[in-house]
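See structure below.
The values are calculated or read from the model by the stated rules, or taken from the named source; none is laboratory data. Computed from a prediction, not measured in an experiment: that's the story for all the values here. Cβ atoms come from the backbone with ideal geometry, glycine included; neighbour counts cover every protein chain shown. Accessible surface areas use protein heavy atoms only, side chains included; no ligands, DNA or RNA. Shrake-Rupley method; radii C 1.70, N 1.55, O 1.52, S 1.80 Å.
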Amino acid sequence: MDQTTTSGEAAVADSAEPTTRASAAQSRSAAAPTTAETFEQFTRAILDSVGRVIDGKPAAVRAALVALLAEGHLLIEDVPGVGKTMLARALAASVDATVRRIQFTPDLLPGDVTGVSVFNPVDREFEFKQGAVFANLVIADEINRSSPKTQSALLEAMEEGQVTVDGDTHPLPSPFLVVATQNPLEMEGTYALPEAQRDRFMMRISMGYPDAASEALMLRQREVVNPLASITPVINASQVSGLIAWARAVHVAPAIEEYVVALAQATRTHPDLRLGASPRATLQLVRAAKVWAALDGRAFVIPDDVTALLVPVWAHRLIPTRASGGARSRGTGDAVTATLERIASAVRVPLARQ
C-alpha cells in the first residue's frame, strides 16, 4: 500500500481485497447495548491507538473520530509528508472492519471506484463487480489528482450510502466513512474539487507540521519499526454502529438549533461571502456537535460545541468575495476563517435558563 501507483488499474489493484483484521474487541459481545461507560472506553481506546502513530496532533485525531461517529466524511488537506495518509491508515487499523485504499491518479476511471457490470458468458447475463468504494472505511488518497469525472463517482456514495450502475442500486456497508487526502491546489497536477463534493465532506482539517519534540521522536522511533505495524483493532464495525447510535441520542435543545440556523443564515447574507453554508452544512454541524459533546461526557450540546466545530465543518464549503480575499486559501487566518469568527462573535449565543 505504500508503493507509488502510476495507473488507475494499479491504483485499485492495490486495494482490490478489503482488509479485515481479527481483534480482541470481537471477543466482547457485539450485541451488548452501548452505555456511557462503554462509549468512553471505546472512544478513548481509538484516540489512544491513533495517537500512538500521529504524535502531537490530538486535534486532528479527535476530528477523525468525530467524522466517523457523526456518519460524515473527512477531508485532510495539507502539504505532502505531514501524515495525512498515516492518520487515515491509523484510524483504519484501529477499527476491525473492511478497509480499502484508492490511490487517485489522472487515469483512474469512475468504474474503478464504483464498480462495473461484466457479462458472464456462462450464465449469459451481466453481473455486478464491486468497486473499491465497497468497504466500511475508504481511504481516497490524493483525491484531487483524479479528473472531476472520477471525483464525481463518489457523490452518490458519500451522500446516500449507495452506488447506482446501469440503473441498479447497490447499498454500501454500514458504517461507511470516506477519509480523503489532498495536496494544496497550487501544486501541479491537481484538479479542484467541485463545490458539490466539498459540501459532502463533513469536516476539513489540516495536519500542520509537527513540533520539534514530536519530529525528533519520530526520527528515533521510525528508524526501528513502522508504528502502524503495532496497531491492533480496538473495536469492530458493529460496535462502531453502537457508538454512532449513542451519539445520535445526544440532546440538542431548540435554542441550540436556532443558534445554528442563525449562524448559517448569517453566512448566506454576509457581504464578505459569495457562497454561504448549505442546509446540509447546518445538519452536519449539529451531528458533529453531538459527537463532540458525547466525547466530553455530556448528553447535551452546548454553544461551545458548535463554535469549536464551526471552522472545520463550514470553512471548506464557503467562498469569499474577491474583495474580502479572492480565491480560497487554507490557513487558519484566511478570509473565510476570519469571516466565520466575526459571524460567531456577532450572532447572539443562547443562554441557559435559570
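Things worth noting here:
- Helices (runs of 4 or more DSSP H) contained in the stretch 197-275 and holding at least 1 residues under 22 Å from residue 69 (Cβ atoms): 237-248, 254-269
- Looking only at the stretch 276-295, and only at residues there that are in contact with a Lys or Arg (Cβ under 8 Å, 6 or more places away or on another chain) and either part of a helix (DSSP H, G or I) or free of Cβ contacts under 8 Å to residues at least 40 places away in the same chain (or both), the one that is least open to solvent (accessible area, probe 1.4 Å): 281
- Scanning the stretch 36-53 for residues that are open to solvent by less than 50 Å² (accessible area, probe 1.4 Å), out of contact with any strand residue (DSSP E or B) (no Cβ under 8 Å at 6 or more places or on another chain) and either free of Cβ contacts under 8 Å to residues at least 40 places away in the same chain or in a helix (DSSP H, G or I) (or both) yields a count of 7.
- Being at pLDDT below 90, within 16 Å of residue 54 (Cα to Cα), in contact with a helix residue (DSSP H, G or I) (Cβ under 8 Å, 6 or more places away or on another chain) and surrounded by 16 or more Cβ atoms within 10 Å (Cβ to Cβ) is a condition met by at least one residue of the stretch 214-227.
- Residue identified as on the phi < 0 side of the Ramachandran plot, at pLDDT below 95 and not aromatic (Phe, Trp, Tyr) among 263, 275, 283, 310: 275
- Some residue of the stretch 140-159 being open to solvent by less than 70 Å² (accessible area, probe 1.4 Å), hydrophobic (A, V, I, L, M, F, W, C) and more than 30 Å from residue 235 (Cβ to Cβ): no
- Where strands (runs of 3 or more DSSP E) fall wholly inside the stretch 85-170, the ranges with 1 or more residues that are of a type in the set (Phe, Trp, Tyr) are 115-120, 125-130.
- Screening residue 304 on (1) surrounded by fewer than 18 Cβ atoms within 10 Å (Cβ to Cβ); (2) within 14 Å of residue 340 (Cα to Cα) shows it passes everything except condition (2).
- Inclusion of residue 14 among residues that are closer than 25 Å to residue 201 by Cα, surrounded by fewer than 23 Cβ atoms within 10 Å (Cβ to Cβ), of a type outside the set (Phe, Trp, Tyr) and at pLDDT 90 or above is not warranted.
- On inspection, residue 237 fails the criterion of being within 27 Å of residue 39 (Cβ to Cβ) and either without any contact (Cβ under 8 Å) to a residue 12 or more places away in the chain or touching a helix residue (DSSP H, G or I) at 6+ places or on another chain (Cβ under 8 Å) (or both).
Condition check ((1) touching a Cys at 6+ places or on another chain (Cβ under 8 Å); (2) within 30 Å of residue 118 (Cβ to Cβ); (3) among the basic types (Lys, Arg)) across all residues:
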{"position": "169", "(1), (2), (3)": "no, yes, no"}
{"position": "176", "(1), (2), (3)": "no, yes, no"}
{"position": "179", "(1), (2), (3)": "no, yes, no"}
{"position": "189", "(1), (2), (3)": "no, no, no"}
{"position": "192", "(1), (2), (3)": "no, no, no"}
{"position": "200", "(1), (2), (3)": "no, yes, yes"}
{"position": "209", "(1), (2), (3)": "no, no, no"}
{"position": "213", "(1), (2), (3)": "no, no, no"}
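- Unmet requirement for residue 124, which otherwise passes all of (1) out of contact with any Lys or Arg (no Cβ under 8 Å at 6 or more places or on another chain); (2) under 22 Å from residue 91 (Cα atoms); (3) surrounded by fewer than 20 Cβ atoms within 10 Å (Cβ to Cβ): (2)
- Scan of the stretch 83-110 for residues that are hydrophobic (A, V, I, L, M, F, W, C) and open to solvent by less than 20 Å² (accessible area, probe 1.4 Å), ordered by number: 87, 88, 90, 91, 92, 93, 95, 97, 99, 102, 104, 108
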